[in-house]
1. Would you mention how many residues in region 97-116 are among the aliphatic types (A, V, I, L, M) and surrounded by fewer than 24 Cβ atoms within 10 Å (Cβ to Cβ)?
2. If you take the residues in region 117-140 that are over 22 Å from Gln18 (Cβ atoms) and not aromatic (Phe, Trp, Tyr), which one is surrounded by the fewest Cβ atoms within 10 Å (Cβ to Cβ)?
3. In region 126-181, which residues are modelled with pLDDT of 95 or more and of a type in the set (Val, Ile, Thr)?
4. So, Val154, is that one at negative phi, part of a strand (DSSP E or B) and surrounded by fewer than 19 Cβ atoms within 10 Å (Cβ to Cβ) or not?
5. Return the residues of region 1-32 that are closer than 18 Å to Ile164 by Cα, modelled with pLDDT under 95 and in contact with a strand residue (DSSP E or B) (Cβ under 8 Å, 6 or more places away or on another chain); say none if nothing qualifies.
6. Considering only residues of region 157-181 that are part of a loop (DSSP other than H, G, I, E, B) and without any contact (Cβ under 8 Å) to a residue 12 or more places away in the chain, which is farthest from Ala103 (Cα to Cα)?
7. Do any residues in region 3-22 that are farther than 20 Å from Val37 by Cβ have Cβ atoms under 7 Å from those of residues that are part of a loop (DSSP other than H, G, I, E, B) and modelled with pLDDT under 95, where the two are at least six apart or on different chains, and which pairs are they?
8. It is to be established whether one or more residues within region 79-96 are of a type outside the set (Gly, Ala, Ser), in contact (Cβ under 8 Å) with a residue 60 or more places away in the chain and buried (at least 18 other Cβ atoms within 10 Å of the Cβ).
Amino acid sequence: MSALLGKDGTVFVVIDMQDTLLKKCHEWETVTDRCVVFLKFCHVVDMPIVATEQYPKGLGRTNLELAEAAGADFIPKTTFDCFGETAFLEKVESLEPKTLVLAGIEAHVCVLQTALDATERGYKVHVLADAVTSRASWMAQNGLSRMANAGVVVSNTESAMFEIVGDSADPLFKRMLFLVK
């Protein structure tokens, strides 16, 4: 199986990017920007998006810029592992992906647990290192390290976009250029 990321059979999962938590995280503005860029890219290449919110009743809603870029319904959850939420599990299974691309917060909690569970379930998992964060950078780095050790491909938004398009002759290449300039 190729380590390169492809468009077919791939779903983008955005985890818990709620302002209440997000604005307490390391480099949250950069992470938000990178996540928005990849969300816009998903719309260019028609990649499905699944998004979650951790206990929105108490923690509030997703960052407005992200919510607008996602253009998707958000699945409320209380579990740290997204697969622990039945609605998430059913949504992902209905899309029949082979690969999940993950972004969100916190890298050492919900993103990590979701990535580990996804690999155990047989999914190929990529995490966008520039689109995940935690309250402290060392927590995020620890989460990314644990994911890499478990076989998750640690990538970044631009690498992922170029892997998915794959060829400058592909018409999608010209459509995505505004995201990397």
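The values are calculated or read from the model by the stated rules, or taken from the named source; none is laboratory data. It should be emphasised that the depicted structure is a prediction, and the values quoted were computed from it without experimental measurement. Every residue, glycine among them, receives a Cβ derived from its backbone with ideal geometry; neighbour counts consider all protein chains shown.
1. The first filter runs over region 97-116 and keeps only residues among the aliphatic types (A, V, I, L, M), leaving 100-103, 105, 107, 109, 111-112, 115-116.
Retained after the next criterion (residues that are surrounded by fewer than 24 Cβ atoms within 10 Å (Cβ to Cβ)): 109, 116.
Residues meeting the conditions: 2.
2. Going through the qualifying residues, I end up with Gly122.
3. Val127, Val132, Thr133, Val152, Val153, Val154, Thr157, Ile164, Val165 - these are the residues of region 126-181 that are modelled with pLDDT of 95 or more and of a type in the set (Val, Ile, Thr).
4. Details: at negative phi: yes; part of a strand (DSSP E or B): yes; surrounded by fewer than 19 Cβ atoms within 10 Å (Cβ to Cβ): yes.
Judged against the criteria, Val154 is a match.
5. Those that are closer than 18 Å to Ile164 by Cα, modelled with pLDDT under 95 and in contact with a strand residue (DSSP E or B) (Cβ under 8 Å, 6 or more places away or on another chain): Met1, Ala3, Leu5, Gly6.
6. From region 157-181, those part of a loop (DSSP other than H, G, I, E, B) are 166-170, 180-181; that's our starting set.
Now drop any that are not without any contact (Cβ under 8 Å) to a residue 12 or more places away in the chain, which leaves 167-170, 181.
Working: Asp167: 24, Ser168: 26, Ala169: 28, Asp170: 26, Lys181: 21 Å.
Among those residues, the one meeting the criterion is Ala169.
7. Matching pairs, first to second residue: Thr20/Gly60.
8. Restricting attention to region 79-96, the residues satisfying the condition of being of a type outside the set (Gly, Ala, Ser) are 79-83, 85-86, 88-93, 95-96.
Remaining after also requiring in contact (Cβ under 8 Å) with a residue 60 or more places away in the chain: 82, 92, 95-96.
Going one step further and asking which of them are buried (at least 18 other Cβ atoms within 10 Å of the Cβ), we end up with 82, 92.
Checked against the condition, which is being of a type outside the set (Gly, Ala, Ser), in contact (Cβ under 8 Å) with a residue 60 or more places away in the chain and buried (at least 18 other Cβ atoms within 10 Å of the Cβ), region 79-96 yields at least one hit.
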